[in-house]
Amino acid sequence: MTAGRTALRLSLAGLALAAVVAGVRLAQPDPDIRETFFVFGTLVEIETRGVPEDKARAAIAKVGHRLQQIHHDWHAWRPGRLESLNAAIADGRAFTVDPALADLLREGRQLACASGGLFDPAIGRLIEVWGFHADTPPEGAAPPDAVLDALVARHPRMTDLRISGTEVRSDNPAVQLDLGAYAKGAALDLAAADLRAEGIENAVLNAGGGVQVIGRHDARPWRVAIRDPFQWGVVAAVSLHPDEALHTSGNYERFFDQGGVRFSHIIDPRSGRPMQGIVSVSVLDTSGARADAAATALSVAGPADWPKVAAAMGVHAVMMITDDGTIYATPAMKARLEPVDGGFPAPVHVVDLPTGVVSPDCP
Ligand code: ADP
Ligand code: MG
């Protein structure tokens with residue numbers, strides 16, 4: 001990419017020189033504008049293509065402001081709106097949130113229900129006792145079985161939430177919201193909508209494991225890489241169609257280390273224990289929130305059940321890599337995977353999604 005840019009710059013310089021010599025004024029193309037923000041515990045990079053610099057910087061600044069606000073409002077363990085809502089739920093009180101958070105909770109409730117509760121942001125207490133409500137990875141002993149079993153027995157679920165307009169209450173005081181499994185995807189959906197509203201037609205938003213695009217990169221699509229979970233490198237590249245999102249849930253970045261054994265930060269709500277057996281799941285979709293939620297749900301579902309859960313959640317393009325390095329992909333994903341450096345790190349096994357899976361009825 002860098003080499004390509006340098007070559008492009010050199011040829012532009014040559015053109016400009018020729019134009020001066022000929023006495024002709026040559027319009028300069030708009031430069032790529034790139035800015036980075038630190039939100040959601042990760043770097044979010046926004047890059048525009050073919051947009052005048054002033055317009056791009058103004059739009060990106062607005063989006064950056066919105067992302068900081070969201071980061072604050074949706075934070076699971078720092079003072080903010082979500083923390084206030086969690087306190088109200090624990091007390092059995094109703095709480096009024098802003099419209100964006102109400103919409104996010106409605107979407108999360110729907111996705112949790114469709115996943116059969118494998119993705120369920122209501123399990124905040126479990127995530128907290130595993131030590132993931134901190135900026136650094138937890139260490140030490142795993143929580144006692146009695147604590148985990150007692151939390152699971154209280155069955156906190158998103159479908160316990162009653163959301164009317166912007167008023168939120170829960171039938172179950174054990175619900176504690178942690179939006180970490182889909183907040184990044186939902187935030188990039190909102191950020192992309194903001195950029196479009198500002199008249200930006202071509203951009204990419206990249207947030208560690210999550211990418212969302214608007215339009216194209218000139219004549220070609222935006223092309224992104226899926227990281228290899230086992231070594232420095234990539235599994236494959238994907239050329240994103242306009243307005244697509246690609247989210248990867250991985251167990252190689254955040255985990256609980258006990259005596260050299262890694263426990264995932266993705267918890268199986270059925271057992272209260274970290275899921276096992278999978279190192280990464282990538283989902284390509286037109287909704288960032290759904291892709292992100294599904295990547296988490298399919299990690300919990302595991303190697304046997306994920307196709308059924310993908311079908312129930314309405315996602316079609318999925319890639320899964322198991323602990324032993326086996327790569328599985330749905331036909332829709334396989335068609336989009338482009339080998340990098342001559343091939344994939346292992347054969348890609350194509351898995352069809354079941355047909356006729358009916359999404360659960362979500363009250
Ligand atoms: P990443 O943070 O790597 O993008 P995920 O999107 O899978 O990974 O989100 C993992 C986060 O989601 C955890 O850190 C935790 O806050 C939360 N979480 C863990 N397990 C679940 C689950 N089963 N359902 C919903 N949220 C979960
Ligand atoms: Mg996720």
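All of the numbers you see were taken from the coordinates with simple rules; none came from a lab. Here the structure is a predicted model, which means the values were calculated and not measured. FYI the Cβ positions are ideal-geometry reconstructions off the backbone, even for glycines, and counts take in every protein chain you see.
Points to keep in mind about this one:
- Take the Cα of Thr96, step 7 Å toward its Cβ, do the same at Thr136, and the gap between the two points is 4.2 nm.
- Amide proton proximity set for Arg273, modelled H, under 5 Å, gap of 5+: Asp268
- Amide hydrogen neighbours beyond the local backbone of Val340, cut-off 5 Å, H modeled: Ala237
- With Cα atoms, 0 to 90° folded angle of helix 53-73 axis to the chain main axis: 10 degrees
- Estimated [θ] at 222 nm from DSSP helical runs (n ≥ 4, -39500 (n - 2.57)) normalised by residues in the chain, nearest 500: -11500 deg cm²/dmol
- For a label point 7 Å along the Cα-to-beta-carbon line of Thr36, residues of the range 210-226 with backbone N under 20 Å: 210-213, 223-226
- In Hz, Karplus ³J(HN,Hα) per residue of the range 138-154 (6.51, -1.76, 1.60; θ = phi - 60°; x = Gly, Pro): x, 9, x, 7, 5, x, x, 3, 4, 5, 5, 5, 5, 5, 4, 5, 7
- A protection proxy built from the mean count of other Cβ atoms within 10 Å ranks the segments 309-315, 150-156, 120-126, 357-363, most packed first, as 120-126, 309-315, 150-156, 357-363.
- Each residue in Tyr328, Tyr182 was given a count of other beta-carbon atoms within 10 angstrom of its own, and listing them fewest first yields Tyr328, Tyr182.
- Coupling constants for the range 292-299 follow from the phi torsions by the Karplus curve (6.51 cos²θ - 1.76 cosθ + 1.60, θ = phi - 60°), and in residue order they are 5, 4, 5, 4, 5, 4, 6, 5 Hz; glycine and proline get x.
- The magnitude of the dipole of the range 221-350, with charges of +1 and -1 set on the Cβ of Lys/Arg and Asp/Glu and taken from the Cα centre, is near 200 debye.
- Taken about its Cα centre, the chain carries a charge dipole of roughly 520 debye when the Cβ of each Lys and Arg holds +1 and the Cβ of each Asp and Glu holds -1.
- Cβ-Cβ FRET estimate between His349 and Gln231, R0 fixed at 22 Å, reported to 0.05: 0.65
- The C-alpha atoms of the chain define a longest principal axis, and helix 81-91 lies at about 10 degrees to it.
- Of all DSSP beta bridges in the chain, antiparallel share, percent nearest 5: 90 percent
- The long axis of helix 99-114 is offset from the longest Cα principal axis of the chain by roughly 70 degrees.
- For the range 308-313, Karplus couplings with θ = phi - 60° (6.51, -1.76, 1.60), whole Hz, Gly/Pro x: 5, 5, 4, 4, 5, 8
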